[in-house]
Each structure stands twice: as structure tokens, then as C-alpha cells.
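What follows draws every value from the coordinates through simple rules; no lab data is involved. These numbers come from a predicted model, not from an experiment. A quick note on method: Cβ atoms are made from the backbone with ideal geometry, for glycine too, and the neighbour counts reach across all protein chains shown.
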Amino acid sequence: MADQQKLSSRHLLGIKDLNRNDIELIFETAANFKAVLNRPIKKVPSLRDVTIANIFFENSTRTRLSFELAQKRLSADTVNFAAASSSVSKGETLIDTVNNILAMKVDMVVMRHPYAGAGIFLSRHIKAQIVNAGDGAHEHPTQALLDAFSIREKYGEVSGKKVVIVGDILHSRVALSNILCLKQLGAEVMVCGPTTLIPKFIGSLGVKVEHNLIKALNWCDVANMLRIQLERQDIKYFPSLREYTMLYGLNKKILDFLDKEITVMHPGPINRGVEITSDVADSKQSIILDQVENGVAVRMAVLYLLAGQM
């Protein structure tokens, strides 16, 4: 693979490790793979000699399936590991677990872990390439890439677009990765939610903060609706889900009331009736299913480009 076709980083640990050229290269490669996915024969032999381990220490449906399908479409050999049914439950350490898997001649590790920085820690102790599939409330780089790719596909470019991220910004790894990726690509970014769910440092990332949903929606071109991360909340950040929905839930009445037509996104899983209603999620303004389709193409691109550095 030619030098200009390589990413600047050997791993994908977070958006902060990518530059704009990296992101554009991923998008160009993903667009090519998306064309492949729409052919009758959807498989290519690009990673035929590569073995990838999917190591998930947290439950996952969409991300895990998306990575597995991306790997199969690239003809990679895969091994799947779930912590709940492994020796981790018996006290085995992260490094021991991964080293045992690598001893089986694995080339790349796709890992989701409940603790921020787990992928960074692992990259310093093992030789295999690491793809971060989500580490605690820190980053989820491939989700941010597929979100930005979906915006570019919808509008032709990301630069200059106004994107509001609504919901639980404090506990969301999707929010941080999206902010970093969108800012790299020249978008304007706003976050919207209750004061208790907006981290104090958010202004240092160069984003706007708005607590009124209607104002935020009238400002934006794209609204990315996040779910409430109840599994990461150790205290109550708002009185009730009902009150949250009344103030920050997006329904068709609000969508029709806006001054302009906006695009609606959601990284999933959707809590229908909380942050978004079914008539919005399934509306013509929603590109949620496009995000799912683009997720496979973007993850194919990431795996392919990283494998080129082996």
C-alpha cells in the first residue's frame, strides 16, 4: 500500500489520534466499500490472511455485529470473545486475557471496555493493532466516523454544517468523539441538555451550549439525539424520565413546528418515547438506518487501512 494511503496512527484509539487527512482517507475508502456492499457479491479478499479478535467486556449488539460483518465482508478470520463467559469472571487480568488470545496468532484486536483508556493501556503492552470499539464514557471513534460520513453523504460535505448533540453529554463516549471529529471537519457544534448532564469542560472543546431544545433545533442542520446512559449514572441527574422527555424529547409535533427541515440522527440503541418518538425515528428526516448501513462500510475502511500497516 502506498504511503499516502496509510493512516498516520497504527491504532484507532480515539478521534484525537487522527488528523483531517486520516478522516478524509477513511471516508474515501468507506465510499468505495459501500459500493461493494451494494453489489450482488458483497465480499472482497482484502484481509484474507488477517485474524481479528473481537473482545467485548461490555454488552453490545449493533457495534459488535457491524464489526463482525465488516470483517466477514473483507474475508478476515475472526474470533469472538465475551467477558461474561470467560476467565475474566475468574479474576484473569486484561493483559493476560489478550496475550492468551494473541498467542493464537491474532493480528488485530477490536475491544470494548467499561474503563476509559483501556485501549491506550493495551496498545502499550501488546504488539497487535487495537481498534477502540468504546471505552467507558471516553471515546467511540468508529461511531463518530460513521456519523460524520452519514452527514457528508446527506449534504455533500461536513464543513460549515451546524450539528447539535442532544442528551446525556456527560456520560456519552459518542458525544466526545463526535465533537472531535466534527470540529476537525469544520462543522459548527452545539450540545444541548440539562445542566447536570453537560460537563463543565465542554466549552474548552469549542462548542456552543444550549439548554433550550427548540432554540437548539432551530439553530442546527442536523440533530444527533443521544439516549440517557442510565447504566453509567450513580446518582439522579434529573427528576424523572418523564420530565426529561417533556424538556428534551424530540417528537413529530416539535419537528413540524421548526422554522426549517432538519436531519435527525441517533447512534442507538433508541429509547423510543424518551429521547425520540417512533414517528420521528421512522420519518423521512431520519437517517438512522443510513447510519447503520454506513457503519459497516466505515469499519471496513478502518480495518483495511490499519491492516495496510502490518
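With bins 5 Å wide starting at 0, give me the P(r) of the range 178-228 over every alpha carbon pair, in whole percents.
Histogramming the range 178-228 at 5 Å steps yields 4, 19, 32, 28, 16, 2 percent.
Tell me the label-point distance for the pair Ala103, Phe257, using the 7 Å Cα-to-Cβ offset, in nm and rounded to one decimal.
Result: 6.2 nm between the two label points.
Roughly how many nanometres apart are two label points built 7 Å out from the Cα toward the Cβ at Ala35 and Tyr155?
2.5
Cross-link candidates for Lys183: which aspartates and glutamates have Cα within less than 18 Å, leaving aside residues fewer than 8 places away along the same chain?
Asp17, Asp22, Glu24, Glu139, Asp147, Glu153, Glu157, Glu210, Asp221
Cross-link partners among aspartates and glutamates for Lys42, C-alpha distance below 17 Å, same-chain residues fewer than 8 apart left out?
List returned: Glu68, Asp77, Glu293.
Can you give me the pair-distance distribution of the range 141-291, C-alpha pairs, 5 Å bins, whole percents?
2, 10, 22, 25, 23, 14, 5, 1, 0
Residue by residue through the range 190-204, which ³J(HN,Hα) values in whole Hz follow from phi under the Karplus form 6.51 cos²θ - 1.76 cosθ + 1.60 (θ = phi - 60°), with glycine and proline marked x?
Result, rounded to whole Hz: 10, 10, 9, x, x, 3, 5, 10, 10, x, 5, 7, 4, x, 5.
Determine the gain in length on full extension of the stretch Lys200-Lys183; use 0.36 nm per residue of separation and subtract their C-alpha separation, reporting nm with one decimal.
This chain segment gains 4.3 nm when fully extended.
Just to be sure I understand: if I project the alpha-carbon convex hull of the chain onto a plane and average over all orientations, what area do I get in nm²?
For the Cα atoms of the chain, the hull's average projected area reads 16.1 nm².
Here are some pairs, Lys6/Lys154; Lys260/Lys284; Lys72/Lys284; Lys215/Lys253; which of them have Cα atoms lying more than 21 Å apart in this structure?
Lys6/Lys154; Lys72/Lys284
Please list the non-local residues whose amide H lies under 5 Å from the amide H of Thr78, H modeled 1.01 Å from N, same-chain partners needing a gap of 5 or more.
Ile52
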